[in-house]
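Asks: Below you will find the structure I want to go over with you.
The values are calculated or read from the model by the stated rules, or taken from the named source; none is laboratory data. Remember, it's a predicted structure, so these values are computed and weren't measured experimentally. Methodologically, a virtual Cβ is constructed for each residue, glycine included, from the backbone with ideal geometry; neighbour enumeration extends over all protein chains shown. Areas reflect the complete protein model, heavy atoms only, side chains present, ligands, DNA and RNA absent. Shrake-Rupley method; radii C 1.70, N 1.55, O 1.52, S 1.80 Å.
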Amino acid sequence: MSGPTPTDSSRRQFVLGTVTIAATGLAGCLGSSDRPEPVALTERMSCDQCGMVITQQPGPSGQTYYQDNSPEGHDPPARFCSTVCAYRHRFATGNRGWTPQVTYLTDYATVDYSVREEGGARVISAHLAAENFAVTEALEVVIGSGIEGAMGPAIVPFGTTSAAEEFVSTYGGEIIAAEDISSELVAQQ
């Protein structure tokens, strides 16, 4: 009976080490991250910006995980009844030194949304399941459409330009990158 020789063993360790290094490098190249996933906002939860109950509000919503901070009174993420509240919270906490790790907003390109008349306003439906959220870096938003959500005029996010353009052709507004939203722009909403 012959077992592995010292050379076979060394070769095997070398190959396993090379495979491990290659796999780690490939994961980095493919954008692997420790980014937490979005959660469903379907339970009775209050908005961390304004305090309204999220499930009772129409329109797009959001959630933010912060690097070294957590919302008061519950586990992360910070959760919001509207995109307006999500941005207001990010700007306010940023002024206090909080750094967002990731922000998710409702992606209206992935849901079957509706717009209804309510009290003289056009209001867009809410979609609160975890799979309905996308990272802000992957979204464009429509502003100035006259469509309302929880906090009045809605900032409506879309994961595809074509879906945003279709929304604008029906409801009006302007398309900008979600990451380009400024505190001044949010103040106008």
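Asks: Looking only at region 82-108, which residues are hydrophobic (A, V, I, L, M, F, W, C) and surrounded by fewer than 24 Cβ atoms within 10 Å (Cβ to Cβ)?
Replies: Within region 82-108, F91, A92, W98, V102 meet the criteria.
Asks: Go through region 155-168 residue by residue and tally those that are open to solvent by 40 Å² or more (accessible area, probe 1.4 Å) and of a type in the set (V, I, T).
Replies: The number of residues fulfilling the criteria is 2.
Asks: Answer yes or no: is there a residue in region 109-122 that is under 18 Å from the mean Cα position of the chain (by Cα) and open to solvent by less than 20 Å² (accessible area, probe 1.4 Å).
Replies: no
Asks: Does L41 count as hydrophobic (A, V, I, L, M, F, W, C), in contact (Cβ under 8 Å) with a residue 12 or more places away in the chain and under 21 Å from L185 (Cα atoms)? Spell out how you get there, then give the answer.
Replies: Working: hydrophobic (A, V, I, L, M, F, W, C): yes; in contact (Cβ under 8 Å) with a residue 12 or more places away in the chain: yes; under 21 Å from L185 (Cα atoms): no.
The answer is no for L41.
Asks: Right, another one. Looking at G152, is it open to solvent by 30 Å² or more (accessible area, probe 1.4 Å) and touching a helix residue (DSSP H, G or I) at 6+ places or on another chain (Cβ under 8 Å)?
Replies: Considered against the rule, which asks whether it is open to solvent by 30 Å² or more (accessible area, probe 1.4 Å) and touching a helix residue (DSSP H, G or I) at 6+ places or on another chain (Cβ under 8 Å), G152 comes out as no.
Asks: Within region 105-137, track down each residue that is in a strand (DSSP E or B) and more than 17 Å from D180 (Cβ to Cβ).
Replies: Hits for region 105-137 are T106, V115, R116, E117, E118, A121, R122, V123, I124, F133.
Asks: Take the conditions modelled with pLDDT under 95 and either under 16 Å from the mean Cα position of the chain (by Cα) or among the small types (G, A, S) (or both) and apply them to Q67. Does it pass?
Replies: yes
Asks: While we're looking at this one, here's another question. Suppose we filter region 44-68 for residues that are more than 15 Å from R88 (Cα to Cα), in contact (Cβ under 8 Å) with a residue 40 or more places away in the chain and either among the charged types (D, E, K, R) or open to solvent by less than 30 Å² (accessible area, probe 1.4 Å) (or both); how many remain?
Replies: So the answer is 3.
Asks: While we're on this one: Looking only at region 169-189, which residues are small (G, A, S), in contact (Cβ under 8 Å) with a residue 24 or more places away in the chain, over 17 Å from A109 (Cβ atoms) and open to solvent by 30 Å² or more (accessible area, probe 1.4 Å)?
Replies: Once the filter is applied, which keeps residues that are small (G, A, S), in contact (Cβ under 8 Å) with a residue 24 or more places away in the chain, over 17 Å from A109 (Cβ atoms) and open to solvent by 30 Å² or more (accessible area, probe 1.4 Å), region 169-189 yields only S183.
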